[in-house]
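Structure first, commentary second.
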Amino acid sequence: MIGKVAITGLGYTEFSATSPGTSFRELTYEAAVKAYNEVGIEPKDIDTFVCTSEDFCEGYSISDEYCNDQVGGILKPVQTITGDAIHSLATGVMLVLTGGFDIVVVQALSKLSNMKTVPNLVNFALDPVLNRPLDEHYSFVSGLGMNRFLHDGKATREQCAQVVVKNRANALSNPVAAYGADLTVDNVLDSEPVSLPVRLLDLAQVADGAIVFVLASEKVTGSLTDNPIWIKGVGWSSDSPSLESRDWGNSVATRLAGDMAYKMAGVRYPAKEIDLAEVTDEVSYKELEHIEALRLFEPGRAGLALEDGRTTSEGDLPVNVSGGDLGVGHLFEAAGAQKVMELVLQLRGTAGSRQVADAHKGLAQVWRGEPTTSAAVAVLANQ
Amino acid sequence: MELSKFELGGTRIKQSDISKGNVLTLAVTPKLEYAWDDGVAIGRYLEELGNGKIIARKCNKCGRIMLPPRMFCELCWRATDEWVYCEDTGTVNTFSLCHVNWDASRIPEGEPLHLPAVIHIDGASPGMGILHVLGEVEPDKIKIGMKVRAVWKKPDEREGSITDITHFKPVRAARKKSKKKSGGGR
Ligand SMILES: [Zn+2]
């Protein structure tokens with residue numbers, strides 16, 4: 001990559017099923033103050049801001065207009081990405097690399113508890129002419145994906161359940177996670193059928209929370225922190241939106257986004273070079289699909305690696321130590337920010353009881369959730 | 001003015017073409033519901049409206065008394081310091097005479113217009129106040145800079161909403177002398 005970009009400051013709130021009594025502005029303000037205090041800056045020191053917001057999630061049209069006050073972006077250059085927070089992070093990286101901005105703030109928020117009809121929200125993302133008239137609950141898309149994934153022999157149903165057990169247990173060691181739980185594979189397999197083969201416990205539950213990062217150019221990083229986390233590579237991609245003709249059971253977008261980020265980061269052997277990964281597990285099987293697409297395990301071996309304990313926090317390639325979407329909560333467009341945040345904590349060596357030993361290089365991947373085929377990836381390192 | 005002379009030629013689609021299905025369309029009504037957390041600042045603001053009072057939040061660094069209130073000063077980047085009651089009187093900052101309803105339907109000739117206005121509230125910092133509607137006034141008598149006062153719903157009809165004030169009406173008497181009255185609210 002030409003030039004270097006670091007994450008210097010990080011601020012975040014607790015993630016929780018609801019956040020009554022706190023407005024979306026007050027939630028973001030809390031994360032922003034924490035991030036700026038970490039590196040001793042004020043908004044006047046920040047050159048530009050990248051916020052993340054999706055109108056239908058917030059319940060405002062042109063919701064980007066409501067992003068600036070709470071990050072200190074008033075009377076400053078602010079832009080908003082209607083994608084995932086990793087798309088915003090990539091935009092922040094590009095802004096620094098232009099040479100025109102030394103300090104760039106990236107913001108992400110989920111206030112999904114205020115969205116009272118999430119199934120309708122997601123259903124509204126389906127093709128209105130060809131798909132919506134069939135009147136299905138949107139989880140059917142997850143059912144279609146998982147069934148093909150299992151049929152293709154990528155993993156067993158039990159292995160998918162084990163993803164849930166691992167990640168909900170990991171969340172018990174994450175003080176800001178909303179959904180830590182001590183479950184068994186049988187709990188998952190006996191849970192209520194939703195859109196089979198997907199059952200209730202296979203699905204992440206929504207959560208509220210805010211995350212703010214302070215990005216900096218190499219030139220000013222030293223003046224902000226002694227512990228920078230470098231953004232080595234970013235990538236993003238989208239497969240077909242068509243439910244009729246996408247590559248079911250494969251996350252092609254993740255493969256392409258990962259390869260783009262690896263190339264930028266100079267990663268040639270991901271399975272050897274990546275020390276830990278945080279990936280989307282909004283539906284249990286997706287974790288396995290994603291780590292395979294990211295070349296972290298051989299095709300068809302992700303489930304076996306899980307069974308062998310290789311992806312636990314003590315394994316040789318821990319996946320979703322934070323608890324993932326299943327354990328932390330599904331944060332919609334802020335989801336990728338939580339994954340990057342976990343890497344920052346791990347690579348700084350400040351992840352507390354869930355600290356992964358010898359963590360130097362990590363990967364964050366996000367999939368934008370049903371019914372999308374968009375993915376974004378960031379590779380971070382502490383040197 | 002005759003708009004028709006600006007129209008282009010060609011074959012017009014008639015409403016009946018759509019209703020008969022000669023033109024293929026698909027109508028969908030989204031079923032999206034939200035319940036926003038008001039938060040600390042707006043929560044208290046609405047509560048006080050329910051009490052017939054207008055409350056603002058002061059930043060002791062820049063001295064601004066902010067209305068609507070906020071828990072942080074976006075200019076000084078610090079938590080705001082104290083609650084301050086304002087008057088329920090103010091000055092028209094700007095206004096519009098609306099001949100259309102929210103859905104673009106026209107208000108029939110002779111019926112009252114909508115009169116939205118930004119009102120700088122007495123006691124708040126310059127440029128801060130309330131967006132509301134004017135009433136009990138002839139549209140052609142409205143002027144920028146005009147003094148107005150809130151007209152409140154009866155206490156038992158208030159529900160902690162911006163509509164607890166039904167409208168603002170002109171303060172007619174003592175235009176020059178009216179400086180300040182004590183105690184906001186009814
Ligand atoms: Zn101030």
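Taking the DSSP bridge list for chain A and keeping only pairs wholly inside it, about 75 percent are antiparallel. Using a probe radius of 1.4 angstrom, the carbon and sulfur fraction of the accessible surface of the stretch B:32-85 is 48%.
Packing, taken as the mean count of other beta carbons within 10 Å per residue, orders the peptides A:372-378, A:248-254 from highest to lowest as A:372-378, A:248-254. Which of the residues in the stretch A:65-104 lose at least 40 Å² of accessible area when you go from the chain alone to all protein chains together (probe 1.4 Å)? Buried by the other chains: A:Asp69, A:Ile74. Normalised radius of gyration (Cα atoms, divided by 2.2 N^0.38 Å) for the stretch B:39-177: 1.13. For the pair A:Arg268 and A:Asp135, a Förster radius of 56 Å applied to the C-beta separation gives a FRET efficiency near 0.70, rounded to the nearest 0.05. For chain A, the Cys residues with no second cysteine's beta carbon closer than 4.7 Å are A:Cys57, A:Cys160.
Under a no-solvent Debye model with one identical scatterer per Cα of the stretch A:128-264, what's log10 I(q)/I(0) at q = 0.12, 0.14, 0.21, 0.22 Å⁻¹? So the normalised log intensities work out to -0.75, -0.96, -1.29, -1.31. Ranking A:Val141, A:Ala108, A:Val93 by Cα position along the charge dipole of the stretch A:75-195, where only Lys, Arg, Asp and Glu carry charges on their C-beta atoms, puts A:Val93 farthest toward the positive end.
Within the listed set B:Gly135, B:Gly21, B:Gly52, the residue fluctuating most in the Gaussian network model of chain B (springs between alpha-carbon atoms under 10 angstrom) is B:Gly21.
Go through the stretch A:1-92 and name the chymotrypsin sites (Phe, Trp or Tyr not before Pro) that are in a DSSP coil and have 16 or fewer other Cβ atoms within 10 Å of their Cβ. Sparse-neighbourhood loop chymotrypsin sites (Phe, Trp or Tyr not before Pro): A:Tyr60. In the stretch B:33-68, burial by the other protein chains removes 30 Å² or more of accessible area from B:Glu33, B:Tyr34, B:Ala35, B:Trp36, B:Asp37, B:Gly39, compared with the chain on its own (1.4 Å probe, ligands and nucleic acids ignored). What you get for the stretch B:39-177, charging only the Cβ of Lys and Arg (+1) and of Asp and Glu (-1), is a dipole of about 700 debye around the Cα centre. Absence of a disulfide-compatible partner, taken as no other cysteine beta carbon within less than 4.7 angstrom, is noted in chain B for B:Cys62, B:Cys86, B:Cys98. When chain B is treated as a GNM with alpha-carbon contacts under 10 Å, the residue of B:Lys169, B:Lys141, B:Lys154 showing the greatest mean-square fluctuation is B:Lys141.
About the centre of its Cα atoms, the protein assembly as shown shows a dipole size close to 2500 debye [charges on the beta carbon of Lys, Arg (+1) and Asp, Glu (-1) only; nearest 20 debye]. Computed log10 I(q)/I(0) for the stretch A:98-185 at 0.23 Å⁻¹: -1.11, from the Debye equation with unit scatterers placed on every C-alpha and solvent omitted. Between A:Lys111, A:Lys154, A:Lys263, where does the largest GNM mean-square fluctuation fall for chain A, given springs only between Cα atoms within less than 10 Å? Looking only at A:Lys111, A:Lys154, A:Lys263, the largest GNM fluctuation is found for A:Lys263.
A dipole drawn for the stretch B:39-177 from +1 and -1 charges on Cβ atoms has a positive end, and of B:Val100, B:Ile142, B:Ala124 the residue lying farthest that way is B:Ala124. Legend: P(r) of the stretch A:342-381 from all alpha carbon pair distances, 10 Å bins from 0, whole percents, reading 29, 38, 25, 8.
Checking the cross-link pairs B:Lys61/B:Lys147; A:Lys34/A:Lys361; A:Lys111/A:Lys263 against a 26 Å limit on the alpha carbon distance flags B:Lys61/B:Lys147; A:Lys111/A:Lys263 as lying beyond it. Length, then width, then depth: along the principal axes, the Cα atoms of chain A run 54, 44, 37 Å. With protein chains left intact and a 1.4 Å probe, residues in chain B average 65 Å² of accessible area per residue. For the stretch A:154-226, the equivalent ellipsoid derived from the alpha-carbon gyration tensor has semi-axes of 37, 14, 12 Å in decreasing order.
By the helix-only formula, in which each DSSP H run with n ≥ 4 contributes -39500 (n - 2.57) and the sum is divided by residues, chain A has a 222 nm mean residue ellipticity of -10000 deg cm²/dmol. Against chain B, whose longest principal axis is taken from its Cα atoms, helix B:39-50 shows a tilt of about 90°.
Amide H contacts of A:Glu278 (H built 1.01 Å from N, in plane; Pro and chain starts excluded): A:Asn320, A:Leu363, A:Ala364, A:Gln365 sit under 5 Å, all sequence-distant by 5 or more or on other chains. What aspartates and glutamates sit close enough to A:Lys272 to cross-link, taking a C-alpha to C-alpha distance under 18 Å and skipping anything fewer than 8 places away on the same chain? Qualifying aspartates and glutamates at Cα under 18 Å: A:Asp259, A:Glu292, A:Glu298, A:Asp308, A:Glu314, A:Asp316, A:Asp358. Under the combined filter of DSSP loop state and at most 11 neighbouring Cβ atoms within 10 Å, the stretch B:27-110 retains these GluC sites (Glu not before Pro): B:Glu109. Taking amide H as placed 1.01 Å from N in the peptide plane, the amide H of B:Ile119 sits under 5 Å from that of B:Asn93, B:Ile130, B:Leu131, B:His132, each at least 5 places away or on another chain. Chain B contacts chain A over a buried accessible area of about 2200 Å², both sides summed; the probe is 1.4 Å and only protein chains count. In a simple Cβ point-charge model (Lys, Arg +1; Asp, Glu -1; nothing else charged), the stretch A:280-383 has a dipole of about 360 debye relative to its Cα centre.
Partners of A:Lys116 within straight-line reach, counting lysines whose Cα lies under 16 Å from its Cα and excluding those fewer than 8 residues away in the same chain: B:Lys31. Applying the Karplus relation 6.51 cos²θ - 1.76 cosθ + 1.60 with θ = phi - 60° to the stretch A:283-289 yields 3J(HN,Hα) values of 10, 3, 5, 4, 4, 5, 4 Hz, where x marks Gly and Pro.
The values are calculated or read from the model by the stated rules, or taken from the named source; none is laboratory data. Computed from a predicted model, the values in this text were never measured in an experiment. Every residue, glycine as well, gets a Cβ built from its backbone with ideal geometry; the counts of neighbours run over all protein chains shown. Quick note on the areas: whole protein, heavy atoms, side chains included, nothing else; ligands and nucleic acids left out. Shrake-Rupley method; radii C 1.70, N 1.55, O 1.52, S 1.80 Å.
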